[in-house]
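Below you'll find the structure, written out as structure tokens, and then a few comments.
Every number in this text was worked out from the coordinates using simple rules, so none of it is lab data. None of the values given here were measured: they were computed from a predicted structure. Every residue, glycine as well, gets a Cβ built from its backbone with ideal geometry; the counts of neighbours run over all protein chains shown.
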Amino acid sequence: MTKPDLPKAEDIQLFPPAMPPRPPSFGAGIRTWFLTGVVIAGPLAVTGWLVWWFIDTVDHWVKPLVPPTLWPDTYLPVRVPGTGVVLAFVGLTLLGFFAANLAGRTLIRIGEMILDRMPVVRGIYKGVKQVFETVFSQSGTSFRRVGMVQFPTRGMWSIVLISAPPAEAIVDALPDTGELVSVFMPCAPNPTTGFWFYLPASEIVEVPLTPDEAFKLVMSAGVIQPRGQQKLAEIAEAARRDKSFASAGK
């Protein structure tokens, strides 16, 4: 009786052959194309809407202040958007040039003396003026540096914008904890709201981010990362170097 031929080891397949990949269905292609169109058109639409809203708002603010003879709409059958932006830019530039002269500084000083005699207007004007001078100062460092603090509890890090040191009267009223710095912590996804507080400078870890990158990081809730993984590695390394936080919390 003859023995049956046994299969050789190299002929035995432990796993079935891989099936060829199925081509994507027509519905999946439609979904992919639609999402691609949204990704391309969405930022363009939002940017265009914001630019149009800004131009239209400035035009409505400036138009009542300018004689109708200076508006192109008076001589053209269609409305020309952006004229108010141009006129506002020219007007503010001329105002700054005029204020740089001796006569302009004298008139501004007289106007501020008049406002200083008004009880309610005086406080509003001085406060707003100080904010504008601090934010738009070319030599100042307020809100131009970004840091991280442990908030709301230790071990949890939040992005903050580093502002100015407190006034001497505030320093004298607070306990001696070293150098104090005021910071603003924007909230996500609306960075125009947030928390402002004083804390010791030793508890702030300054990170190599610009304010624009910090705002994008907060507004996107961490989706838009700052200039790639290298920047994130630098932030993580800066946080790891600060060993005093972990030891203080124990």
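Side notes on the structure shown:
- Neighbourhood net charge (13 Å Cβ-Cβ; Lys/Arg +1, Asp/Glu -1) for Val62: -2
- Table column - 3J(HN,Hα) (Hz), region 93-108, Karplus curve with 6.51, -1.76, 1.60, x for Gly and Pro: 5, 5, 5, x, 5, 5, 6, 6, 8, 5, 5, x, 4, 5, 5, 5
- Between region 141-206 and region 65-121, the alpha-carbon center distance in angstrom: 37 Å
- For Phe151, distant residues with modelled amide H under 5 Å away: Met156, Trp157, Ser158
- Counting neighbouring Cβ atoms within 10 Å and putting the fewest first, the residues Val128, Val78 line up as Val78, Val128.
- Arranged from fewest to most other beta-carbon atoms within 10 Å of their beta carbon, Ile110, Ile204 become Ile110, Ile204.
- Environment charge of Tyr125, counting only residues whose C-beta is closer than 11 Å and scoring Lys/Arg +1, Asp/Glu -1: +1
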